[in-house]
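Right, one structure below, let's go through it.
The values are calculated or read from the model by the stated rules, or taken from the named source; none is laboratory data. These numbers were taken from a predicted model, which means no experiment stands behind them. Here the Cβ is made from the backbone with ideal geometry for all residues, glycine too, and neighbour counts use every protein chain on show.
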Amino acid sequence: MSDPNFFYPGEALSPDTMRITALGTGMPFCRRAQKSPGWLVELGNGDVFVFDLGTGSSANLNAFGVPHSKLDKVFLTHLHVDHWGDLTSLYALGMVRGRFEPLHVWGPSAKEERLGTAAFGEAFQKMMAWDIESRMGVVNTGEGHRIIFHEFDYATPKKVVYEENGVLITAFPALHCLDGPNSYRLDWNDLSFVFLGDGKPSQFIVENGQNADVLIHEAFVPAAAYAQKTHLPLQIASNIANGVHCPPRSAGKIFDLTKPRLAVLYHLMLSEDLMMPIMDDLRITYDGPVVIAEDLLVIDVTKNDIRQRQAVLPDLAWPVPSHRDDSRPRPPMDPDMIAHLSPFLQEAEIKVEGVDTDIRT
Ligand SMILES: [Zn+2]
Ligand SMILES: [Zn+2]
């Protein structure tokens, strides 16, 4: 029998439950035990959403055993690489692993067109051209080789960016380094998930985060400790920790003003000796229920209960089967796309007896 204190991949989700999983809770300085930010939200109706997918976080996503055929919706809070770095992997791997539909990515505009999600998306597709085209010549992808970016206006205080199958996702501005970043609220089945990727406390998160079931807010280790740990001058540490992010007490202020059933702090570089200073700083402004998220935290939310567990995952995970009927014929490969090399490269191949190197549809 499995230990109820831990989550093991493959556990069924009951129809009335929202499951929120930390794929990455760290910083751009990616650590073995703390990947860059990413959150997975699975709903009892079968829907799956990814909110940010920073560098390294896809290793945790893969280990959770969610079929790639379901991973076709990503919501980016902003375009810092620690929040999108593994979009590359999800895009390329997903189409090989049975996401035969386009990958959809939502994100905000910016003050200038060149800094918005649409411009990012165009550049992203150009950057990925060789990778995607090379794979299309070897495997069936259906429409999986397509990626569609949905840019929304960053400045609108509250806007619906997704509404389908009983799921409503709204976005609202966040106060970070430049204009553009947004936060999200997902409502489904009378349950809500609110996620502030990066930023300072603001009226936007207070207005849109009221009575959330789970409110995830970034926080930094206090500036003095951050300076000491990272060898940065104190003023630079303060610029980062307080000027464009927020210390625990600032996140606590938001929790106090919104009263979530469970408050979640994340984006802290964790260290055993900082846990008490972080909590002491938080408790200056907030005395409600809170958890400091580590990677692989799993939160199951129902109307009556919020259950927190740590996931036990395989280090050497394999892909899981598609959630679709695997007996269905795979979409056809485009014969014009079949990979072929220039004659001078073909002529240089060393044929090995017993190895068929022809690529066929
Ligand atoms: Zn950021
Ligand atoms: Zn960040």
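Summary table below
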quantity	calculated
Tally, over the stretch 131-176, of residues that are of a type in the set (Gly, Ala, Ser) and not in a loop (DSSP other than H, G, I, E, B)	2
Lone unmet requirement of (1) more than 16 Å from ligand 2 (Cβ to nearest atom); (2) surrounded by 15 or more Cβ atoms within 10 Å (Cβ to Cβ); (3) modelled with pLDDT of 95 or more for Glu218	(1)
Options Val291, Val244; residue that is closer than 15 Å to Ile20 by Cβ and surrounded by fewer than 20 Cβ atoms within 10 Å (Cβ to Cβ)	Val291
Breaking point among (1) surrounded by fewer than 18 Cβ atoms within 10 Å (Cβ to Cβ); (2) closer than 20 Å to Asp213 by Cα; (3) within 16 Å of ligand 2 (Cβ to nearest atom), for Arg31	(2)
Every pair of residues 6+ apart whose Cβ atoms lie under 8 Å, when the first sits in the stretch 51-74 and is in contact (Cβ under 8 Å) with a residue 40 or more places away in the chain while the second is among the β-branched types (Val, Ile, Thr) and in a loop (DSSP other than H, G, I, E, B)	Phe51/Thr77; Asp52/Thr77; Gly65/Val320; Val66/Val320; Pro67/Val320
All positions within the stretch 88-118 that are crowded, with 20+ Cβ neighbours inside 10 Å, among the aliphatic types (A, V, I, L, M) and more than 27 Å from Lys158 (Cα to Cα)	Leu90, Met95
Residue within the stretch 156-171 that is buried (at least 22 other Cβ atoms within 10 Å of the Cβ) and within 16 Å of ligand 2 (Cβ to nearest atom) present	no
Qualifying position, being within 14 Å of ligand 1 (Cβ to nearest atom), under 30 Å from Leu13 (Cβ atoms), charged (D, E, K, R) and outside any strand (DSSP E or B), among Asp179, Asp198	Asp198
Every pair of residues 6+ apart whose Cβ atoms lie under 7 Å, when the first sits in the stretch 257-285 and is part of a loop (DSSP other than H, G, I, E, B) while the second is acidic (Asp, Glu) and surrounded by fewer than 22 Cβ atoms within 10 Å (Cβ to Cβ)	Pro260/Asp213; Arg261/Asp213; Leu270/Glu294; Thr285/Asp256
Residue ID - nearest to ligand 1 (Cβ to nearest atom), chosen from residues in the stretch 201-231 that are outside any loop (DSSP other than H, G, I, E, B) and acidic (Asp, Glu)	Glu218
Number of the exception - Pro332 against (1) exposed (fewer than 10 other Cβ atoms within 10 Å of the Cβ); (2) without any contact (Cβ under 8 Å) to a residue 60 or more places away in the chain	(2)
Residues within the stretch 177-213 that are touching a strand residue (DSSP E or B) at 6+ places or on another chain (Cβ under 7 Å), of a type outside the set (Ser, Thr, Tyr) and farther than 19 Å from Gly44 by Cα, tallied	13
Positions within the stretch 94-130 being touching a residue at least 40 places away in the same chain (Cβ under 8 Å), part of a helix (DSSP H, G or I) and not β-branched (Val, Ile, Thr), in sequence order	Gly94, Met95, Leu115, Phe120
When residues of the stretch 232-255 are limited to those that are of a type in the set (S, T, N, Q) and away from ligand 1 (no atom under 16 Å from the Cβ), the one farthest from Phe204 (Cα to Cα)	Gln235
Failed criterion for Gly197 (all others in (1) more than 16 Å from ligand 2 (Cβ to nearest atom); (2) closer than 24 Å to Asn239 by Cβ hold)	(1)
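Here's the yes/no breakdown for (1) at pLDDT 95 or above; (2) crowded, with 24+ Cβ neighbours inside 10 Å; (3) polar (S, T, N, Q); (4) away from ligand 2 (no atom under 16 Å from the Cβ):
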{"position": "Gly44", "(1), (2), (3), (4)": "yes, no, no, yes"}
{"position": "Val48", "(1), (2), (3), (4)": "yes, no, no, yes"}
{"position": "Gly65", "(1), (2), (3), (4)": "no, no, no, yes"}
{"position": "Asp86", "(1), (2), (3), (4)": "yes, yes, no, no"}
